[in-house]
1. Above 35 Å lies some portion of the pair distances; for the chain, what is it as a whole percent of all C-alpha pairs?
2. Using alpha carbons only, how many degrees (0 to 90, rounded to 10) separate the axis of helix 17-28 from the longest principal axis of the chain?
3. What are the trypsin sites (Lys or Arg not before Pro) within the stretch 162-256 that DSSP puts in a loop, where the Cβ has at most 12 other Cβ atoms within 10 Å?
4. What is the magnitude of the charge dipole of the stretch 116-184 about its Cα centre, with +1 placed on the Cβ of each Lys and Arg, -1 on the Cβ of each Asp and Glu, and no other charges, expressed in debye to the nearest 20?
5. Give me the Å³ per residue figure for the convex hull around the C-alpha atoms of the stretch 160-256.
6. Just from its helices, what would the mean residue ellipticity at 222 nm be for the chain, if runs of 4 or more DSSP H residues each count -39500 (n - 2.57) and the sum is divided by every residue, rounded to the nearest 500 deg cm²/dmol?
7. Assigning unit charges at the beta carbon (Lys, Arg +1; Asp, Glu -1) and nothing else, what dipole magnitude in debye, to the nearest 20, does the chain show about its Cα centre?
8. Counting pairs of alpha carbon atoms under 8 Å apart in space and at least six apart in sequence, what relative contact order in percent does the chain give?
Amino acid sequence: MGMLDGKVGIITGAASGIGAATARVLAREGAKLVLTDIDDKAGGALAEELGATYLHHDVSEEEGWPAVIAAAERLGRLDIMVANAGIGIMGNVVDMSLKDWRRQMAINVDGVFLSVKYCIPAMRRAGHGGAIVMLSSVAGLRGSAGLAGYSATKGAVRLFAKSMALECAQAGDGIRVNSVHPGIIATPIWDKLPGGANNRIDPHAIGQATVPLGKAGEASEIADGILFLVSDLSSHVTGSELVIDGGMTAGRITRL
Ligand code: NAD
């Protein structure tokens, strides 16, 4: 018996990193999945491996959302939404173009807004509640020089999750909404930052230097937290923030 037998879920940004690891864990636990991404090669291959449905979809484009929801409803009732797709654009704010600021907002914030706007009616139609998880970050809990725009998007996601938890509680629809806050996690997102491709930004080195547990986290460690939040084990958890950061936000270790 899997923890998610009979449940149907959507994972955005599922072709890589945390999204792909989450797809593996949720499929292992019996969920039927719709995976979406803009990287069709990796997304399609993962869907084939897991027996899932893959759809090309840019989360920030509203026109594509009804087809994503319809694909999930063809698998049964919609129970789970993992709003995971996100990007990070590095650089000081004075050097950042408005175009880049808006692109980051469009994917990280508008994309999460649309995920929720379109999945809640489907969950309400099914009438069995549901679980929505939004990927924020430790950058949504505190500021970050050089990633100020990213922090702004992840802070927005954090309070959007809490507000939606209350909106659903008020509606009495049984839908729980929570945010997840990873610290330094070794995924391809780091390769996409300026300087990442030639390994000048190495999450393992940063993890060793800055994470109290002494290492970067793995995508599967975030996926395990997401599994808790979408399973019945967390039936009384809503409006909550699950920080999975190896102790980064707990404080400082003073070595004498
Ligand atoms: P990743 O780059 O490995 O994966 C992100 C996926 O999102 C990719 O497959 C990419 O193609 C997809 N994507 C990008 N733009 C998209 C769009 N417009 N529409 C649909 N899909 C799109 O990154 P990751 O590390 O797995 O990050 C997943 C989430 O976790 C992101 O929201 C990220 O901000 C968050 N996060 C990551 C870390 C970390 O250290 N890796 C830390 C905190 C938070």
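The numbers here are math on the coordinates, done by the rules we state, and not lab data. The structure presented is a predicted model; accordingly, all values stated were derived computationally and were not measured. Every residue, glycine among them, receives a Cβ derived from its backbone with ideal geometry; neighbour counts consider all protein chains shown.
1. Within the chain, distances greater than 35 Å cover 11 percent of Cα pairs.
2. 30 degrees
3. 200, 252, 255
4. 40 debye
5. Values: hull volume 12.2 nm³, N = 97.
Looking at the stretch 160-256, the number lands at 126 Å³ per residue.
6. Estimated from H runs of four or more residues: -12500 deg cm²/dmol.
7. Value, rounded to 20: 560 debye.
8. 19 percent
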